[in-house]
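The values are calculated or read from the model by the stated rules, or taken from the named source; none is laboratory data. This one's a predicted model, so the numbers in the text were calculated from it and none came from an experiment. In this analysis, Cβ positions are derived from the backbone assuming ideal geometry, glycine residues included, and neighbour counts consider all displayed protein chains.
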Amino acid sequence: MPDKKTSKPILFLLEHEFEDPDLRGQRFFCRHSALLEGVIAGVAELRERLDIRHVGFPRPRREVIGIVGDSDQSLPKLVLPSGISSPHASGEHASRQYVSGSDRILATLSELYGTPVPHP
């Protein structure tokens, strides 16, 4: 599978705008994905260092399952290349660690690339 050979971390984000079938008639955005999109826009080199993929809201999220298995489809998620590890990892699948949640992802990006961290 080509994703196992990529040298870039894969950042899965929810699509910018989506509908939730359980809450018909409303459109939503994911505040955690939006936060990461803002950081990426402000720290230009991140866009080149990450393989950014937008995924639809409905489950199953097959593209995510194909890389991290079916036990954790929550987004946002950063999948590290094989051989790269982080103390912020939330799990591992097929010899690749992944990091779930915007706070942990921001900490991992700072650890890997020296990006700024949120002000306390």
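Pull up segment 13-61, narrow it to residues that are touching a Lys or Arg at 6+ places or on another chain (Cβ under 6 Å) and more than 24 Å from Ser71 (Cα to Cα), then point me to the one that is surrounded by the fewest Cβ atoms within 10 Å (Cβ to Cβ). So, considering only residues that are touching a Lys or Arg at 6+ places or on another chain (Cβ under 6 Å) and more than 24 Å from Ser71 (Cα to Cα), the one surrounded by the fewest Cβ atoms within 10 Å (Cβ to Cβ) is Glu17. Kindly check whether there is at least one residue in segment 16-28 that is touching a strand residue (DSSP E or B) at 6+ places or on another chain (Cβ under 8 Å), on the phi < 0 side of the Ramachandran plot and touching a residue at least 40 places away in the same chain (Cβ under 8 Å). Scanning segment 16-28 turns up no residue that is touching a strand residue (DSSP E or B) at 6+ places or on another chain (Cβ under 8 Å), on the phi < 0 side of the Ramachandran plot and touching a residue at least 40 places away in the same chain (Cβ under 8 Å). Does segment 92-120 hold any residues that are small (Gly, Ala, Ser) and either free of Cβ contacts under 8 Å to residues at least 12 places away in the same chain or outside any strand (DSSP E or B) (or both), and which are they? Within segment 92-120, Ala94, Ser95, Gly101, Ser102, Ala107, Ser110, Gly114 meet the criteria.
Taking segment 61-71 as the range and being at pLDDT 95 or above and either over 16 Å from Phe12 (Cβ atoms) or touching a strand residue (DSSP E or B) at 6+ places or on another chain (Cβ under 8 Å) (or both) as the test, the residues that pass are Arg61, Glu63, Val64, Ile67, Val68, Gly69. Only residues that are within 17 Å of Phe29 (Cβ to Cβ) and of a type in the set (Gly, Ala, Ser) were counted across segment 53-72, and they come to 1.
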